[in-house]
Amino acid sequence: MPHGSDAAASDAARLAAIRADLPALQSCTYLNTGTCGPVPRAAAGALAARWQADVELGRIGAEHFRQLAETMAGARSAAAGLLGASPEEIVLTTSTTHGVNIALWGLRWSPGDEIVTTVHEHPGLQVPLADVARRYGVRVRAVAFDPADPDDVVAAFRKAATARTRLLAFSHVLWTNGAVLPVRRLADLARDLGAYVLVDGAQSTGALPVNPRELGVHFYSVPGQKWLCGPEGTGALYVAAEALPALQVVFGGYFSQQAVDAETVDYQPRPGAARFEGIWPPGAAVAGMAAAMEWLRAVGFDWIWQRTGDLARRLRRALAGVGAEVLTPEPGAGAPVSGLVSFRVPGLDPAETASRLIERGLVVRSIPGPFAAVRASTAFFNTGDEIDALVRAVEEMMP
């Protein structure tokens, strides 16, 4: 093992090689992985190769469909390995919201049933919840809490829950401020209530360790294009084996079945969660997502998670040190750390702050609404110099 200056040189060489595989980093300081991550060359190559084969050979014949099935199976296996699940528990989706909808619409609702969520959720979860409420007469309760206090988070859910609560639906990492919610404790509460748990994993998977089985959740939806650095139009949904019988197929299609009875107009579902893959899969994009996950695995997830958290801590503390209002809570000892850091410059609108930073090549984003803020994403490929540059730019904006 290298030590001292040798270790620093080795780490610098590793980071340089990683950054060379991410061409988008050449054009800006990339601090917005929470929206979309940079695509590695390996993922772009896999996508292009699959698309080129379709162009040259056509999308016809048994061989095309064999390759498509093989591509999908490879992506399921890659997602399962990342999530500590079995491939039979993985549904390929086109986004986090697609997975959320599969879970929400697949459950059997009755008027008066209740769902507990949070006031911090992204529209990708809020909108499907509202649609289910309108369609079935379900009541949705959104709770507020101190994101820095896990006990307060659990207490807020417990207070809102009733005998009619059938689902807890929330984000693992809040998109508004990067707080990591106590998922395991909320899952334990749900089991006491006899309720299901649906988790939006848009800002967690790829940025910190995620294992839905260990977390005790029933449904966990993830995107391919954010922290997994895959193409847009990709994602995955984890469906716990124990929850599979409770979930209906509500958007079925060719890929949902393994046998169809023409006389009864019925079908035998595919085994496992793949039955929920009712839409025609974007084969090239799926190949790109699988390649991106394999590239990340080769980089080393433990190293990725550690570096992402370390950079977030560094940025959070440095911003506070120059007088910015940091909204991302300081995690407790040993607690997981997300790659999102939200902050405000006193007296300056967050959207304007973000715009000024982007003009300087520091690509962040602003969060709208009641939790308005500037949000930076610290990813494993960022450098310490990039973090320092952001902090200097914010300091120059201070009143």
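What to note about this one:
- Percent of C-alpha pairs per 10 Å bin, segment 202-331, short to long: 10, 29, 30, 18, 8, 3, 1, 0
- For THR118, nonlocal amide neighbours, meaning residues 5 or more places apart or on other chains whose placed amide H falls under 5 Å from its own, are VAL143.
- Once Rg and the Kirkwood radius are both taken over the C-alpha atoms of segment 138-209, their ratio Rg/Rh works out to 0.95.
- In this Cβ point-charge picture (+1 for Lys and Arg, -1 for Asp and Glu), segment 259-353 has a dipole of about 580 debye about its Cα centre.
- Packing-based ranking of 380-390, 335-345, 295-305 yields 335-345, 380-390, 295-305, ordered from highest to lowest mean Cβ neighbour count within 10 Å.
- Looking at the chain alone, DSSP beta bridges between its own residues are antiparallel in about 55 percent of cases.
- q = 0.12, 0.17, 0.21, 0.24 Å⁻¹, segment 48-161: log10 I(q)/I(0) [Debye, one scatterer per Cα]: -0.67, -0.97, -1.15, -1.24
- Sorted fewest first by neighbouring Cβ atoms within 10 angstrom, CYS28, CYS229 come out as CYS28, CYS229.
- Vicinal HN-Hα couplings computed from phi for segment 246-251 (Karplus, 6.51 cos²θ - 1.76 cosθ + 1.60; Hz; Gly/Pro x): 7, 9, 7, 7, 10, 9
- Overall size of segment 298-337 from C-alpha positions, given as principal axis extents largest first: 39, 19, 12 Å.
- Pairwise Cα inverse-distance average, inverted: Kirkwood Rh of segment 298-381 (Å): 13.5 Å
- Across segment 205-216, computed HN-Hα scalar couplings (Karplus, 6.51 cos²θ - 1.76 cosθ + 1.60, θ = phi - 60°) run 5, x, 9, 8, x, 9, 9, x, 5, 5, 6, x Hz from first to last residue, x flagging Gly and Pro.
- Taking 0.36 nm per residue of sequence separation and removing the Cα-Cα distance, the GLN268/ARG41 pair yields an extension gain of 77.7 nm.
- Rounded to the nearest 0.05, the FRET efficiency derived from the C-beta distance between ARG135 and ALA335 at R0 = 25 Å is 0.10.
- Expected-Rg normalisation [2.2 N^0.38 Å, Cα atoms] applied to segment 94-225: 0.95
- Over the chain, relative contact order from alpha-carbon pairs under 8 Å, at least 6 apart, %: 21 percent
- Rg followed by Dmax, in Å, when segment 38-107 is reduced to its Cα trace: 14.7, 43
- Calculated log₁₀ intensity ratio I(q)/I(0) where the Debye formula runs over C-alpha points of segment 48-296, q = 0.12 Å⁻¹: -0.68
- Summing Cβ point charges (Lys, Arg +1; Asp, Glu -1) relative to the Cα centre of segment 176-310 gives a dipole of roughly 340 debye.
- Whole-Å distance, taken between Cα centres, linking segment 120-160 and segment 199-274: 22 Å
- Toward the positive end of the charge dipole of segment 48-296, with +1 on the Cβ of Lys and Arg and -1 on the Cβ of Asp and Glu, the farthest Cα among LEU68, VAL180, PRO281 is that of VAL180.
- For the chain, calculated [θ]222 nm from helices alone, where every DSSP H run of n ≥ 4 adds -39500 (n - 2.57): -14000 deg cm²/dmol
- Here the spin labels are modelled as points 7 Å beyond Cα on the Cα-Cβ line, and at ALA16 and TYR254 they lie 4.9 nm apart.
- Equivalent ellipsoid dimensions for segment 162-260 as semi-axes, Å, which come from the Cα gyration tensor, largest first: 23, 22, 11
Readers should treat all values here as calculations from the given coordinates under stated rules, not as data from a laboratory. Just so it is clear, the model here is predicted, and its values are computed rather than measured. Every residue, glycine as well, gets a Cβ built from its backbone with ideal geometry; the counts of neighbours run over all protein chains shown.
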